[in-house]
Amino acid sequence: NAGVMQNPRHLVRRRGQEARLRCSPMKGHSHVYWYRQLPEEGLKFMVYLQKENIIDESGMPKERFSAEFPKEGPSILRIQQVVRGDSAAYFCASSPVPGQAEAQYFGPGTRLLVL
Amino acid sequence: GESVGLHLPTLSVQEGDNSIINCAYSNSASDYFIWYKQESGKGPQFIIDIRSNMDKRQGQRVTVLLNKTVKHLSLQIAATQPGDSAVYFCAEGTGRRALTFGSGTRLQVQP
């Protein structure tokens, strides 16, 4: 019974490069949420996806950031032309049926460092 | 409001004592509330949740209290152990929307 998987666990990029973060939800979960966490802060919502659909991207920066959750394969958070301010921990959570007090189960996170 | 770039508040307790971690939430329409524990370098781990139509829920060694009048949530940990040392976040949720997290409290358990 694997939990939420994220890879890579650590990612180092130089300014201007692209970062791709992957998230495989728990088996049977079709709802994926991405959050960003800066040091000493709480998690901030970025985007909520179901299979092949973006449901809520109100927390996602309008430029350089995109997310997808294809029919097959993991959800991907893509950051183009990274800047130092993108350095953070990015967490993915999955849920079977949100809105029924079902807790979102979090992955271990990807720690992105932009040099 | 949100705290940006500030150090987390810290609660220091002796092993064996009870801990109480508090959280003020902002959305009176939230359907449910969740407490998460986050250890260094790891993702948030679910501890306990409570529906908005409840005021108390108990788990193993943990109790969550909800006071909707003052929009306050607390997590009580009985007989705190060194393994309880972590950062604790409250989160509120409404329907299918993503969770809104509080700023967190660091719990340090002294042996």
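The values are calculated or read from the model by the stated rules, or taken from the named source; none is laboratory data. Computed from a prediction, not measured in an experiment: that's the story for all the values here. We place every Cβ from the backbone using ideal geometry, glycine too, and count neighbours over all the protein chains shown. Each accessible area value is taken on the protein alone, full model and side chains, heavy atoms only, with ligands, DNA and RNA left out. Shrake-Rupley method; radii C 1.70, N 1.55, O 1.52, S 1.80 Å.
Can you say whether B:ILE48 is touching a Ser or Thr at 6+ places or on another chain (Cβ under 9 Å) and of a type in the set (A, V, I, L, M), as far as the supplied structure shows? So that I can check it myself, show each step before the final result.
Details: touching a Ser or Thr at 6+ places or on another chain (Cβ under 9 Å): yes; of a type in the set (A, V, I, L, M): yes.
In short, yes.
Restricting attention to segment B:63-99, and to residues there that are surrounded by fewer than 19 Cβ atoms within 10 Å (Cβ to Cβ) and within 14 Å of another protein chain (Cβ to nearest Cβ), which single residue is modelled with the lowest pLDDT?
Checked segment B:63-99; the qualifying residue modelled with the lowest pLDDT is B:ARG96.
Can you tell me which residue is nearest to the chain's Cα centre (by Cα) among those in segment A:63-91 that are of a type in the set (Asp, Glu) and over 21 Å from A:ASN53 (Cβ atoms)?
Just the residues of segment A:63-91 that are of a type in the set (Asp, Glu), to begin with: A:63, A:68, A:72, A:86.
Subsequent filtering for residues that are over 21 Å from A:ASN53 (Cβ atoms) retains A:63, A:86.
Working: A:GLU63: 16, A:ASP86: 13 Å.
The extreme case among them is A:ASP86.
Are any residues in segment A:1-36 open to solvent by less than 50 Å² (accessible area, probe 1.4 Å), in contact with a Lys or Arg (Cβ under 7 Å, 6 or more places away or on another chain) and polar (S, T, N, Q), and if so, which ones?
Selection gives A:GLN6, A:SER30.
What's the number of the condition A:ARG78 fails, among (1) crowded, with 17+ Cβ neighbours inside 10 Å; (2) under 17 Å from A:GLN6 (Cβ atoms)?
(1)
Just the residues that are more than 18 Å from B:VAL64 (Cα to Cα) and touching a strand residue (DSSP E or B) at 6+ places or on another chain (Cβ under 9 Å), please, taken from segment B:95-111. Break it down into steps so the answer makes sense when it comes.
Here is the first cut: in segment B:95-111, the residues more than 18 Å from B:VAL64 (Cα to Cα) are B:95-98, B:108-111.
Passing the criteria: B:ARG96, B:ARG97, B:ALA98, B:GLN108, B:VAL109, B:GLN110, B:PRO111.
Do we find a residue being at pLDDT 95 or above, of a type in the set (Phe, Trp, Tyr) and within 25 Å of A:ALA2 (Cα to Cα) anywhere in segment A:22-37?
Yes, there is a match, as at least one residue in segment A:22-37 is at pLDDT 95 or above, of a type in the set (Phe, Trp, Tyr) and within 25 Å of A:ALA2 (Cα to Cα).
Somewhere in segment B:14-21, is a residue at pLDDT 95 or above, open to solvent by 40 Å² or more (accessible area, probe 1.4 Å), under 11 Å from the mean Cα position of the chain (by Cα) and away from chain A (no Cβ under 13 Å)? Reasoning before the result, please.
Pass one, segment B:14-21, residues at pLDDT 95 or above: B:14-21.
Those still in the list that are open to solvent by 40 Å² or more (accessible area, probe 1.4 Å) too: B:14-18, B:20.
Filter once more, keeping what is under 11 Å from the mean Cα position of the chain (by Cα): B:20.
Next, only the ones that are away from chain A (no Cβ under 13 Å) stay: B:20.
Checked against the condition, which is being at pLDDT 95 or above, open to solvent by 40 Å² or more (accessible area, probe 1.4 Å), under 11 Å from the mean Cα position of the chain (by Cα) and away from chain A (no Cβ under 13 Å), segment B:14-21 yields at least one hit.
Among the residues of segment A:18-63 satisfying the criterion of being part of a strand (DSSP E or B) and of a type in the set (D, E, K, R), which is farthest from the other protein chains (Cβ to nearest Cβ)?
So in segment A:18-63, the residues part of a strand (DSSP E or B) come out as A:19-24, A:31-37, A:43-50, A:53-56.
Applying the additional criterion that residues be of a type in the set (D, E, K, R) yields A:20, A:22, A:36, A:44, A:56.
Details: A:ARG20: 19, A:ARG22: 15, A:ARG36: 11, A:LYS44: 7, A:ASP56: 7 Å.
Selected residue: A:ARG20.
So how many residues does segment A:81-96 have that are open to solvent by 70 Å² or more (accessible area, probe 1.4 Å) and within 14 Å of chain B (Cβ to nearest Cβ)?
Selection size over segment A:81-96: 0.
From the set of residues in segment B:100-111 that are open to solvent by 30 Å² or more (accessible area, probe 1.4 Å) and away from chain A (no Cβ under 12 Å), which is nearest to A:PHE91 (Cα to Cα)?
For segment B:100-111, the residue satisfying everything is B:GLN108.
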